[in-house]
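None of the figures in this text is laboratory data; all of them are computed from the coordinates on show. This one's a predicted model, so the numbers in the text were calculated from it and none came from an experiment. With ideal geometry, Cβ positions are generated from the backbone for all residues, glycine too; neighbour counts draw on all protein chains shown.
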Amino acid sequence: MKSIFFTLSQLLLMIVVLQSCVTLRNKPIMLQERFDTAPVPSAPDYSNPDHWAALPDKQDNADLVPFQSDLKEGQQNAKADVFFIYPTVYTYKPTRANSWNADVNDSELNKKIDESTIQNQASIFNESGKIYAPRYRQAHIYAYFTPNKEDAKKAFEIAYQDVKTAFEYYLKYYNQGKPIIIAAHSQGTQHATRLLQEFFDGKPLANQLVVAYLVGMPTLASYFQVLKPCESPSQTGCYNTWNTYAKNYFPPKYEEKLKYAVSVNPLTWKTDEEYATKELHKGGVAWGFKLTKPNAVDAQNHQGMLWINKPNIKGKAFLRVKNWHVADYNLFYMNVRENVKIRTEAFIQQWAQKTGK
């Protein structure tokens, strides 16, 4: 019995390890000040490496691979870039006056970001791409819950303008015409979607787009004029998106947007509702940044959601998780890592045929 509860505790810790984006069932921290009365932190300076959570030429948590694994980090020789936008980690009661938007010089928050989403999510891409992850003045989680929608709009606008500025800096000083992967989660996906709309959708830069991973936020097909969802594991120039929930669960406010969202199954890389058995699962990442065993998770697209049964682990009968949001990447870590490699290699081959390089 001791081993059962130890395994269960590991899984539950995996769920909270990212410390990002509280679920709708949790009561969020309420901000007492209105946006216009709260100070706005100074804008990042993207010529300063400290204002990047990850850069390929500095040591950071995106360089890591899961402990006790034989995976290799390959950024030095990677032929593609990854522009990664992290999710909401600013979820706790503010300790500074700038309550609505995070300060990129906040060392406490930066540590939380680096040891959660950068390590557990951005690291997925470090075999196939050079990782660029800007720090940005993310909106506090309360922006998703406040009845004052204008306050939320202003907070999100500050966050997006940082992401946009970072991307423009990246294009000017780092990219040098290389293939680009856009990857994000939750609030990061909100900003990544807008970035794709402004820079890629029907634009020349789309010729450099390997693929986008728009995870943890409902993404509607109508958001893009030209970009399409991925329909096969090796397709390029497309986007993948999913939101993970327990089978037969419909979250609050499901009818508002999620019902109409695109969902790409990370076990099959298709948008159909074909059930994918756990035998297709390559492994995830759990507490302690350790790989879980493969064949643990199944998946099926269903009306805008990615439904999963309880992961196949000891103690699963005790699990009551319905919203797997914080583990959208963790559950499918190895499947995503493998897929990034497949799509990158396919793109580079196509790129060589077109350009002769």
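Using a basic spin-label model with each label point 7 Å from the Cα along Cα→Cβ, how many nm lie between Lys153 and Lys341?
So the two model labels end up 4.6 nm from each other.
Would you work out which of Ala317, Asn248, Pro94 lies farthest towards the positive end of the dipole of the chain? Charges go on Cβ: Lys and Arg +1, Asp and Glu -1.
Positive-most Cα among the choices belongs to Ala317.
Placing one identical point scatterer on every Cα of segment 234-320 and ignoring solvent, what is log10 I(q)/I(0) from the Debye formula at q = 0.11, 0.22 Å⁻¹?
-0.34, -1.13
What is the sum of charges around Ile182, taking Lys and Arg as +1, Asp and Glu as -1, for the other residues whose C-beta is under 15 Å from the C-beta of Ile182?
Neighbour charge sum, excluding Ile182 itself: +3.
At a Förster distance of 35 Å, what's the computed FRET efficiency of Thr37 paired with Glu115, Cβ-Cβ distance as r, to 0.05?
0.60
Counting only helical runs of four or more DSSP H residues, what would the 222 nm mean residue ellipticity of the chain come to if each run contributes -39,500 (n - 2.57) and the total is spread over all its residues?
The helix-only estimate for the chain comes to -7500 deg cm²/dmol at 222 nm.
Under 1.5 on a/c is rounded, so check that first for segment 253-295, then, if it is not, pick prolate when a/b is larger than b/c and oblate when it is not; a ≥ b ≥ c are the square roots of the alpha carbon gyration tensor eigenvalues.
Judged from the Cα gyration tensor, segment 253-295 comes out oblate (a/c at least 1.5, b/c at or above a/b).
With the cut-off at 1.5 for a/c, could you classify segment 177-283 from its C-alpha gyration tensor as rounded, prolate or oblate?
Here segment 177-283 falls in the oblate category.
Rounded, prolate or oblate: which fits segment 211-357 when a ≥ b ≥ c are the square roots of the eigenvalues of the alpha-carbon gyration tensor, with rounded for a/c under 1.5 and prolate only if a/b beats b/c?
oblate
Taking the Cα centre of the chain as origin and charging only Cβ (+1 Lys, Arg; -1 Asp, Glu), how large is the dipole, in debye to the nearest 20?
Dipole size: approximately 780 debye.
Cut-off 11 Å, label point 7 angstrom out along Cα-to-Cβ of Lys247: give me the residues of segment 268-296 whose amide nitrogen falls inside.
275-278
Which percent, to the nearest 5, of DSSP beta bridges fully inside segment 2-355 are antiparallel?
30 percent
Pairs of alpha-carbon atoms within less than 8 angstrom and 6+ residues apart define the contacts here; what relative contact order does the chain have, in percent?
19 percent
What does the extension gain come out to for Lys58 and Leu205, with contour length at 0.36 nm per residue minus their alpha carbon separation?
Full extension from Lys58 to Leu205 adds 50.3 nm.
For the chain, modelled as a GNM with alpha-carbon contacts under 10 angstrom, which of Leu196, Leu214, Leu71 fluctuates the most?
Leu71
Just going by the charge dipole of segment 2-355, with Lys and Arg at +1 and Asp and Glu at -1 on Cβ, which of Ala80, Trp307, Gln59 is farthest out on the positive end?
Of the listed residues, the answer is Trp307.
With +1 on each Lys and Arg Cβ and -1 on each Asp and Glu Cβ, how big is the dipole of segment 212-269 about its Cα centre, in debye rounded to the nearest 20?
Approximately 80 debye in magnitude.
Return the subset of Lys164/Lys259; Lys111/Lys172; Lys178/Lys354 for which the Cα-Cα distance in this structure is over 19 Å, preserving the input order.
Going by Cα-Cα distance, Lys164/Lys259; Lys111/Lys172 fall outside the 19 Å limit.
May I ask you to list the aspartates and glutamates whose Cα is less than 18 Å away from that of Lys253, ignoring any residue fewer than eight positions away on the same chain?
Partners within reach: none.
Name the longest site-free stretch of the chain, where the excluded sites are GluC sites (Glu not before Pro) in a DSSP loop with no more than 15 other beta-carbon atoms within 10 Å.
Looking at the chain, 74-230 is the longest stretch - no exposed GluC sites (Glu not before Pro) with at most 15 other Cβ atoms within 10 Å.
Please report, ordered by residue number, every helix of the chain (full DSSP H runs) that is 30 Å or longer along its axis going by C-alpha atoms and whose mean Kyte-Doolittle hydropathy reaches -1.0.
The answer, listed by residue number, is 149-170, 333-355.
List Met334, Met30 from most exposed to least, where exposure is judged by having the fewest other Cβ atoms within 10 Å.
Ordered from fewest to most neighbouring Cβ atoms within 10 Å, Met334, Met30 come out as Met30, Met334.
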